[in-house]
Amino acid sequence: MSNQPVIAKGVDWLTVWLYALLVIIGLISIFSAEYKTGDDFFQQLLGFEKNYSKQVMYFGICLVIAVFILLSDSKVFPATANLLYVVGVVLMIATFLIGKEVKGSKSWIPLGFMNLQPVETAKIFTSLALAKYLSLPDLDLKQPRSQAIAAGIAFLPIVFSVLQNETGLALVYFAFLLPMYREGLPSVYLISGASLAGLLIVTLLLPTNTLMLVLTVLAALIILFMRKSFKRNSKSLLMIVLFWGASMLFVGMVVPFMFKSVFQKHQADRIFSLVGKDNPFISADTAVMDTKKPVRKKPVENYNVKQSKIAIGSGGLTGKGFLKGTQTQGDFVPEQHTDFIFTAVGENFGFVGSTLVVLLYAALLFRIIFLAERQRSTFSRAYAYCVAGILFFHVLVNIGMTIGLAPVIGITLPLMSYGGSSLLTFTILIFILLKLDSDRQMVIR
């Protein structure tokens, strides 16, 4: 009999080390963003006075939970998936009653030593419940009923996220399209989604009336040049008309509704600032008009992004060195320990350090996909793709935010940003996957 500890049996240690490296780099970055010359390091660390000391405490809690998960029975996760999903929904509803408002978002439940954000941790329950549903025998995701149920499981938390003014977190749940696609969702949905995303970008660049005119002319030209083929296949004409109608509805009604009622004003302004424009969807009662100066000012780049780009750019090739970043030490970058933690890496360690972090995330992502594809169980594979989708969305959008390529929507950089809920969520997501992978020889349903 092997003397190897039970906890280490079958565990993919490469994933564990990638996880640990990213958390440690995050701790170093949070420390560099908060530490000031003359601070009593040990007093602040042991007294949990600073965010970096609290993050150390959260990391310790996460390690205990990780060990507990690795020592548990992997069959418990599919067995309790639906129950945990219901618990997650109840927690999100409870937030409206006992929630604490932080920076305009009432999405936190105070626990004393930390604030729990149910719409964040609900990613765990949603991943398990969706994987459970996708692993049902004889499930056919080409059937509308199956598609509707899967979409309902994946996207229900979006409703609570929007109601709690957490639009950024709401968008993360679209990452669950990845496991659905892997398990048989027709590619037409992904193509349609990509088309709508492209149309949304064009909507930011062109006035609504101009874009609707362009779409109408384009549809008319396509019909004109394809009119002969319609005699043989009338469905093509119907598809073009339906696509044109859907595009007009999206541009004329859905997009204005999103920017007026879904996105908060500052979020909409940040999105339009990316393309150098003012927000055209500001309603008359909220727009402030200066009668003495009728000419509107040119849009100013979002302050957070501007300072973020300055900090990253000032790092150069190899960085200014640990605790030597002027932007970081001078507190010029807002929310640097949370959403903009990547700027601390860029200024302290430069392009080389930033590239290393991106490569670590890429390695973790590809490793998760590798683990997914070697599973014998549909549940384990679908769950692994849920984790991969969430991780990819967070990393892509967060780093894109810091360098001005994505709107500032307020989502964390996995494992590195300060926050107990975020670190706890990604720790549980990853270590449940590691436990399922360690028992991959079993067919888990």
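The values are calculated or read from the model by the stated rules, or taken from the named source; none is laboratory data. All of these numbers come straight from a predicted model, not from anything done at the bench. A quick note on method: Cβ atoms are made from the backbone with ideal geometry, for glycine too, and the neighbour counts reach across all protein chains shown.
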field: Selection count, segment 110-142, where residues are over 19 Å from Val89 (Cβ atoms), surrounded by 16 or more Cβ atoms within 10 Å (Cβ to Cβ) and touching a strand residue (DSSP E or B) at 6+ places or on another chain (Cβ under 7 Å)
entry: 1
message: For the list (1) within 18 Å of Gln164 (Cβ to Cβ); (2) touching a Leu at 6+ places or on another chain (Cβ under 6 Å), I need the number of the one condition that Tyr58 fails.
response: (1)
query: Within segment 63-118, how many residues are touching a Lys or Arg at 6+ places or on another chain (Cβ under 8 Å), within 29 Å of Glu335 (Cα to Cα) and of a type in the set (Gly, Ala, Ser)?
result: 1
field: Search result, residues across segment 378-417 that are hydroxyl-bearing (Ser, Thr, Tyr) and either closer than 21 Å to Ala363 by Cα or buried (at least 22 other Cβ atoms within 10 Å of the Cβ) (or both)
entry: Ser380, Tyr383, Tyr385, Thr402, Thr412, Ser417
- prompt: Considering only residues of segment 353-382 that are of a type in the set (Ser, Thr, Tyr) and either modelled with pLDDT of 95 or more or not in a helix (DSSP H, G or I) (or both), which is nearest to Tyr85 (Cα to Cα)?
  reply: Ser377
message: Checking Val295 against (1) modelled with pLDDT of 80 or more; (2) more than 30 Å from Leu436 (Cα to Cα); (3) exposed (fewer than 15 other Cβ atoms within 10 Å of the Cβ); (4) β-branched (Val, Ile, Thr): exactly one of these is not met. Which one?
response: (1)
statement: Within segment 166-221, the residues that are free of Cβ contacts under 8 Å to residues at least 60 places away in the same chain and either touching a Lys or Arg at 6+ places or on another chain (Cβ under 9 Å) or in a loop (DSSP other than H, G, I, E, B) (or both) are Tyr173, Gly184, Leu185, Pro186, Leu206
query: Being at pLDDT below 85 and either farther than 29 Å from Lys265 by Cβ or of a type in the set (Asp, Glu) (or both), is that true of even one residue in segment 113-129?
result: yes
- prompt: Quick one: in segment 86-136, which of the residues that are in a loop (DSSP other than H, G, I, E, B) and in contact (Cβ under 8 Å) with a residue 24 or more places away in the chain is nearest to the chain's Cα centre (by Cα)?
  reply: Gln117
